[in-house]
Amino acid sequence: MIYLSPPHMSGNEKRLVMEAFDSNWIAPLGPQVKAFEKEMAEYVNTKGALALNSGTAAIHLALKLLNVGRGDTVFCSSLTFVASANPILYLGAEPVFIDSEPSSWNMSANALKRAFINATKSGNMPKAVIIVNIYGQSADMDSLLSICNYYNVPVIEDAAESLGATYKGKVSGTFGEFGVYSFNGNKIITTSGGGMLVSNDLDALERARYMATQARDPALHYQHSKIGYNYRLSNILAAIGRAQLKVLMERITSRRQIFNKYYTELHNIKGIKFMPEAAYGRSTRWLTALTIDENHSGVTSTEIVEFLLSQNVEARPVWKPLHLQPLFKNCAYYSHSNENVSEKLFTKGVCLPSGSSLLKEEQERVIKCFLNALGI
Ligand SMILES: *Cc1c(COP(=O)(O)O)cnc(C)c1O
């Protein structure tokens, strides 16, 4: 089986994990966690970072820090993984979903503007906006942030899929009040499971640290005055993360090379369009994504994904937009224009195996199967 995006160890993880074992810092927290936080903050260039046991936990805490609670509204990209919006529900708040733009597949400024105009009319302003950067590419932060700043609403950047990408030379995930990364097994670097919350607001990060550690008050006995969570990353997993962070640049280079190979081999086929790379930044090409127009190819994206799976090649459809998910069926949604971009991308989109450890022969097999699926 050729997997979509499997973990790719550098070889140095074991040494750092052994360090943790040798010092018996198995848990809780410990020096590897501290070092991982410091190295992440340095890499992304924020004042601080908080290591957590998932990216979802990081989004949950960011929403808590922005005082999102029962009955509040939060705007969120629709074309994303469910983890972007689940924490909104944890807090009893309500998501309003925003469509994508065709040029980056990320949040549409048009749709966001209309959502804000309507919110102003109804007097139901959102407490926060979650802007997601999908498949390794930053959203158009300047145009989105200028709208959010105009309405004075803070932004959480879900950069779970875009660690290492840049926007106008600055690292993706550092544009909002809070940035969120994930080290889940399928991400560009992994700790097997984990996440990071980054910010320039060190006080806020301290409050998040407190909430993530069962909200334990500074007292000798166990004293608690607020709801807490058990969200910290273990020292062992942080050791893996430190070794992974060191090879992030190489991982990006590999993923971009994999994209380029797919592009070279497939872009001339009628009806196929690759996810564009917006001129404002550099994508990591975490996943190579493309769309197939059935009218030209005679084959649907679903048929292609199914055929590839039958050949032991793990391809996937593009994210099903959250406003189409049964879980969110009563939530409001703003489309880009008359054009419903995220729905179109979902209907036509395919993600191809893009792991940085993908061998040349393996990629050739994927390409061959893909062509077979199209009857070429
Ligand atoms: C993976 C992912 C998350 C969640 O990260 P976990 O670490 O798995 O909790 C959130 N948002 C997006 C867009 C993701 O792809």
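The values are calculated or read from the model by the stated rules, or taken from the named source; none is laboratory data. What you see is a predicted model; the values in this text were computed from it and never measured. All Cβ positions, even for glycine, are placed from backbone atoms using ideal geometry, and neighbour counts span all protein chains on display. Accessible surface is based on the protein model in full, side chains and every heavy atom, while ligands, DNA and RNA are left aside. Shrake-Rupley method; radii C 1.70, N 1.55, O 1.52, S 1.80 Å.
Of all alpha-carbon pairs in the chain, indicate the percentage at a distance above 35 angstrom. Distances greater than 35 Å cover 25 percent of the Cα pairs. Solvent exposure of Thr300, expressed as accessible area, is near 40 Å², computed with a probe of 1.4 Å over the protein chains only. With the helix formula -39500 (n - 2.57) applied to DSSP H stretches of n ≥ 4, the chain reaches a computed 222 nm mean residue ellipticity of -11500 deg cm²/dmol. Probing with 1.4 Å while keeping every protein chain in the model, the per residue accessible area of the range 64-193 equals 31 Å². Projecting the Cα atoms of Gly11, Leu322, Ala41 onto the charge dipole of the chain (Cβ charges, centred on the Cα centre) puts Ala41 farthest toward the positive pole. Its Cα centre serving as origin, the range 249-373 has a Cβ charge dipole (Lys and Arg +1, Asp and Glu -1) of approximately 300 debye. Label-to-label distance for Thr166 and Glu364 is 3.4 nm, based on points extended 7 Å past Cα in the beta-carbon direction.
Dipole check for the range 13-247: with +1 at the C-beta of Lys and Arg, -1 at the C-beta of Asp and Glu, and the Cα centre as origin, the magnitude is about 260 Debye. With contacts taken as Cα pairs under 8 Å and at least 6 residues apart, the chain reaches a relative contact order of 24 percent. Of the trypsin sites (Lys or Arg not before Pro) in the range 311-376, the ones in a loop by DSSP (not H, G, I, E or B) with at most 15 other beta carbons within 10 Å are Lys329. Once you reduce the range 125-148 and the range 245-296 to the center of their Cα atoms, the two points are 22 Å from each other. Would you list, by chain and number, the aspartates and glutamates whose Cα falls below 18 Å from the Cα of Lys273, excluding same-chain residues fewer than 8 positions away? Straight-line reach from Lys273, under 18 Å: Glu101, Glu265, Asp293, Glu294, Glu303, Glu339, Glu343. Applying the criteria of a DSSP loop state and at most 15 other Cβ atoms within 10 Å to the trypsin sites (Lys or Arg not before Pro) of the range 134-239 yields Lys168, Arg216, Lys226. By the Cα gyration tensor, the range 34-165 has an equivalent ellipsoid whose semi-axes, rounded to whole angstrom, run 24, 18, 13 from largest to smallest.
Here the gap between Asn230 and Ile26, fully extended at 0.36 nm per residue and compared with their Cα-Cα distance, gives a gain of 71.8 nm.
Any chance you could check the Cα centroid distance between the range 216-243 and the range 155-171 for me, in angstrom? Each part's Cα centre sits 26 Å from the other's.
Surface composition of the range 22-87: carbon and sulfur make up 52 percent of the accessible area, probe 1.4 Å. The lysines within cross-link reach of Lys38, meaning a Cα-to-Cα straight distance under 27 Å and a gap of 8 or more places when in the same chain, are Lys14, Lys47, Lys64, Lys168, Lys170, Lys187, Lys246.
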